[in-house]
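Data first, discussion second: the structure below is written as structure tokens.
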Amino acid sequence: FVGICIRNCAQCQIMLGGYFMGEKCANFCVKHKGKVIPDCEDEFSIRPFLQKAPENEY
């Protein structure tokens with residue numbers, strides 16, 4: 001399930017761009033062995049990986 005988790009992180013990174021911390025998400029997947037899978041359309045599951053847009057994205 002770690003692979004699925006990391007793929008979902010990558011998909012969220014593509015969808016949300018600078019608002020999503022993909023590396024933090026992937027590290028979370030490894031740390032928790034894929035037991036919790038982020039869903040890009042479920043704010044609760046990705047909230048820990050969201051951030052304000054970087055300055056260069058305005």
Only residues in segment 5-28 that are closer than 10 Å to L50 by Cβ count as the first member; pair them with residues that are polar (S, T, N, Q), Cβ under 6 angstrom, at least 6 apart or cross-chain, and list the lot. F20/Q13; M21/Q51
Pick from segment 37-58, criterion part of a loop (DSSP other than H, G, I, E, B) and surrounded by 10 or more Cβ atoms within 10 Å (Cβ to Cβ), ranking: modelled with the lowest pLDDT: P54
Can you pull out the residues in segment 19-36 that are part of a helix (DSSP H, G or I), surrounded by 15 or more Cβ atoms within 10 Å (Cβ to Cβ) and not aromatic (F, W, Y)? G22, C25, A26, C29
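The values are calculated or read from the model by the stated rules, or taken from the named source; none is laboratory data. Please read these numbers as outputs of a predicted model, since none were measured by experiment. Because the Cβ atoms are built from the backbone with ideal geometry, glycine has one as well, and the counts that use them run over all protein chains shown.
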